[in-house]
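The values are calculated or read from the model by the stated rules, or taken from the named source; none is laboratory data. Just so it is clear, the model here is predicted, and its values are computed rather than measured. Methodologically, a virtual Cβ is constructed for each residue, glycine included, from the backbone with ideal geometry; neighbour enumeration extends over all protein chains shown.
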Amino acid sequence: MSYFDLLFSPKGTIKQPPFALIAIAIYAINIIAGSIVEGDFIKRAGPWPYLGMQAMLTWIWFAAHAKRLRDAGRGWAVAAVLAFIYIAAIVLMLNLVSASAANITEPADPKEPKVSLIGTIFAVLFINTLFTGDIFLISLLIFLFIGLPLLFSLVVVIYSIVTAARASVTPDTAQPQQLPSA
């Protein structure tokens, strides 16, 4: 099997060790890529390089999981749903990063801090919490922006670990087949 088929084709099967290497590499690249995305990056390069890389990593993730699940005698529908949810979340996250990079007003003095839309929303909700004592809105916003993505990430990592741990039902092609004795 070529490297292209190994990474990009959801057809065929894959054993546990190569699957684990691919999954770990995908998660490591994803963490590194996520650390470079911020408002100034989106302003300079636009969202397309990051979105393209995430689409490619998500496809590789799906292809590896589909092959591993086929090797374990399982269907790949859950992996497809998780990949779709992830891509939708990336698009929403890019909208959030773009909104946080968008200035509400241009400061007259370049040394003055810039005011962003997301920062203004958090400030208004924080002030609302201070005056009313109701922490529901700001708690909901923090959960939606921080808690929900972390929870989804945890579910996906656990799904990958469970997928890697599944026993293989296909014969190992590296070992020669033994003929049954009569």
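When LEU150, LEU94, LEU82, LEU117 are screened for being under 30 Å from PRO10 (Cα atoms), modelled with pLDDT under 80 and of a type in the set (A, V, I, L, M), only LEU94 passes. In segment 64-75, the count of residues that are modelled with pLDDT under 95 and loosely packed, with under 15 Cβ neighbours inside 10 Å is one or more.
Can you name the residue in segment 113-144 that is in contact with a strand residue (DSSP E or B) (Cβ under 9 Å, 6 or more places away or on another chain) and of a type in the set (Ser, Thr, Tyr) and is also surrounded by the most Cβ atoms within 10 Å (Cβ to Cβ) among such residues? If we take residues in segment 113-144 being in contact with a strand residue (DSSP E or B) (Cβ under 9 Å, 6 or more places away or on another chain) and of a type in the set (Ser, Thr, Tyr), then SER116 is surrounded by the most Cβ atoms within 10 Å (Cβ to Cβ). Check segment 64-83 and report whether any residue there is more than 20 Å from ILE146 (Cα to Cα), out of contact with any Lys or Arg (no Cβ under 9 Å at 6 or more places or on another chain), not in a helix (DSSP H, G or I) and not β-branched (Val, Ile, Thr). Yes.
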